[in-house]
Amino acid sequence: MKKTFLSLLILTLFFTACKNNKNNVQLFPQSNFDTIVSGQKVSLYTLKNDKGMTAQITNYGARLVDLWVPDKNGTFKDVIWGYETIKAYLNATDLFAGPIVGRYGNRIGKGRFTLDGKSYQLTLNNHGNHLHGGVNGFYTKVWNARQFKNEKGEDALELTYISPSGEEGYPGNLTIKVVYALTANNELAINYKATTDSATIINPTSHVYFNLHGTSTQSTNSHILTLFADKYTPTDSLLIPTGEIATVENTPLDFRKPTTVGERIKADFTALKYGKGYDHNFILNKKAGEISLAAEVYEPATGIVMKVKTDQPAIQFYSGNFMDGKDTGKRGEKHNYRTGIALEAQNYPDAPNHPNFPSAVLKPGGTYTQTSVYAFEIKK
């Protein structure tokens, strides 16, 4: 009788533990990404911390594949768009779900710039302009990968790519190294370092689409956004900066106080019409080089809060205006209209063509560095 009671007690405790276990992270097998692209091996790498936060990254495009964080109920949500297999990434119509883009993230007008008295023509891939590094930018490359524990004992992944001189029209042989680390404080830290043997320009950034509902087909218009920026860079109709720096005050671009993304997205404002919604470079209120809070996003339905910290001078806020549902992402979910937002830490778009913008030039003997952090919390 005692044995039967003890067995029933153990089973009860077991099923109770299972019921209360909210760590429902669904990882993709490495085999989904094991293939050869352009003669180089592609794979999938998994980073975890003791709190259950988990990230998967592929060395194809140094790309974040999934990112699992807890919601207010303790259930884990994958909060970024992406695909389950390398084949899906190769066949996607949207090329920018999760990669590191560059050499120059964002736009360069007509793909032209002058450096040390010499003119350069980059490849054109966006209405006669150069976008995110061109036709075959960093996002199409297979990076060398090394998984390791950093000095704090945290899971980390180092990705390295050597961009030859002339690639996409850029001068100089550039070596870039990106390290992803998953911290004990539920942060995804991204550190960049690059060197060159000849003067060049550089502005890499992480191009992840976030949905704090948990990559569902629910709109991100409900996300409450704060941007720590008093100014932005106006553009022409093709989203190339005019060189002007303008205040966000009394415009729909003023997110200095927490505001839902969808509240003013249809406002009668020229900049919104040009971007078909938000697709704007915000100048951060900060000292050059310091790591500070750039943006905060909160979704009341899940209680998930994301804070973006960076040492970059600006951040691009994109509200998913060109998502059209043609791509089917993870778990069969469609990348529907405005179901993902991007917050890209960066230098100003088209900076090489505007002397009043921060310099994007990297010269031999110098080192480009960037630190950007995506930190996750819960608000109940």
Could you run through the range 323-347 and say how many residues are in a strand (DSSP E or B) and modelled with pLDDT of 95 or more? 6
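Here's the yes/no breakdown for (1) free of Cβ contacts under 8 Å to residues at least 24 places away in the same chain; (2) outside any loop (DSSP other than H, G, I, E, B); (3) over 30 Å from LYS380 (Cα atoms):
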{"residue": "GLY277", "(1), (2), (3)": "no, no, no"}
{"residue": "HIS280", "(1), (2), (3)": "no, yes, yes"}
{"residue": "LYS287", "(1), (2), (3)": "yes, no, yes"}
{"residue": "GLU290", "(1), (2), (3)": "yes, no, yes"}
{"residue": "ALA295", "(1), (2), (3)": "no, yes, no"}
{"residue": "VAL305", "(1), (2), (3)": "no, yes, no"}
{"residue": "LYS309", "(1), (2), (3)": "no, yes, no"}
{"residue": "PHE317", "(1), (2), (3)": "no, yes, no"}
{"residue": "ASN321", "(1), (2), (3)": "no, no, no"}
Output for Cβ contacts, cut-off 8 Å, separation at least six or different chains, first residue in contact (Cβ under 8 Å) with a residue 24 or more places away in the chain and over 13 Å from VAL305 (Cα atoms) in the range 68-79, second part of a loop (DSSP other than H, G, I, E, B) and basic (Lys, Arg), reads ASN73/LYS22; GLY74/LYS22; THR75/LYS22; PHE76/LYS22
Being farther than 10 Å from ALA314 by Cβ and more than 20 Å from the chain's Cα centre (by Cα) is the filter here, so list the residues in the range 219-233 that pass it. ASP230
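Say whether the condition of being more than 18 Å from the chain's Cα centre (by Cα), buried (at least 18 other Cβ atoms within 10 Å of the Cβ), over 30 Å from PRO171 (Cα atoms) and not aliphatic (A, V, I, L, M) is met by at least one residue in the range 269-285.
The initial filter retains those residues of the range 269-285 that are more than 18 Å from the chain's Cα centre (by Cα), namely 269-277, 285.
Subsequent filtering for residues that are buried (at least 18 other Cβ atoms within 10 Å of the Cβ) retains 271-272, 275, 277.
Retained after the next criterion (residues that are over 30 Å from PRO171 (Cα atoms)): 271-272, 275, 277.
Within this subset, residues satisfying the condition of being not aliphatic (A, V, I, L, M) are 275, 277.
Checked the range 269-285: at least one residue is more than 18 Å from the chain's Cα centre (by Cα), buried (at least 18 other Cβ atoms within 10 Å of the Cβ), over 30 Å from PRO171 (Cα atoms) and not aliphatic (A, V, I, L, M).
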Since ASP50 meets every condition but one in (1) surrounded by fewer than 17 Cβ atoms within 10 Å (Cβ to Cβ); (2) assigned to a helix (DSSP H, G or I); (3) touching a residue at least 24 places away in the same chain (Cβ under 8 Å), which condition does it not meet? (2)
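Filter the range 320-335 for residues that are in contact with a Ser or Thr (Cβ under 7 Å, 6 or more places away or on another chain) and within 17 Å of TYR278 (Cβ to Cβ); which is surrounded by the most Cβ atoms within 10 Å (Cβ to Cβ)? Step through it out loud before you land on a result.
Filtering the range 320-335 for residues in contact with a Ser or Thr (Cβ under 7 Å, 6 or more places away or on another chain) gives 320, 323, 326-327, 329-330, 333-334.
Now drop any that are not within 17 Å of TYR278 (Cβ to Cβ), which leaves 320, 323.
Values: GLY320: 26, MET323: 20.
Looking at the filtered set, the residue picked out is GLY320.
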Could you say which residue among PHE138, PHE148 is under 23 Å from ASP34 (Cα atoms) and without any contact (Cβ under 8 Å) to a residue 60 or more places away in the chain? PHE148
Say we look at the range 26-43 and pick out the residues that are under 22 Å from ASN211 (Cα atoms) and at pLDDT 95 or above; which of these is surrounded by the fewest Cβ atoms within 10 Å (Cβ to Cβ)? LEU27
Just the residues that are more than 20 Å from PRO358 (Cβ to Cβ), out of contact with any Phe, Trp or Tyr (no Cβ under 6 Å at 6 or more places or on another chain) and crowded, with 23+ Cβ neighbours inside 10 Å, please, taken from the range 182-209. LEU182, VAL208
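Among the residues of the range 348-362, what is the count of those that are part of a loop (DSSP other than H, G, I, E, B) and either under 25 Å from the mean Cα position of the chain (by Cα) or crowded, with 17+ Cβ neighbours inside 10 Å (or both)? First the steps, then the outcome.
Restricting attention to the range 348-362, the residues satisfying the condition of being part of a loop (DSSP other than H, G, I, E, B) are 348-350, 354-360.
Filter again for either under 25 Å from the mean Cα position of the chain (by Cα) or crowded, with 17+ Cβ neighbours inside 10 Å (or both), leaving 348-350, 354, 357-360.
Qualifying residue count for the region: 8.
If I filter the range 363-380 down to residues being closer than 21 Å to HIS132 by Cα and buried (at least 18 other Cβ atoms within 10 Å of the Cβ), which single residue comes out as farthest from the chain's Cα centre (by Cα)?
Residues of the range 363-380 closer than 21 Å to HIS132 by Cα: 363, 367-374.
This time we only want the ones that are buried (at least 18 other Cβ atoms within 10 Å of the Cβ), so: 368, 370, 372-374.
Numbers: TYR368: 19, GLN370: 14, SER372: 10, VAL373: 10, TYR374: 9 Å.
Residue satisfying both the conditions and the ranking: TYR368.
The values are calculated or read from the model by the stated rules, or taken from the named source; none is laboratory data. In this text the structure is predicted, and so the values were computed from the model without any measurement. For neighbour counting, all protein chains shown are included, and Cβ atoms are generated from backbone atoms with ideal geometry for every residue, glycine included.
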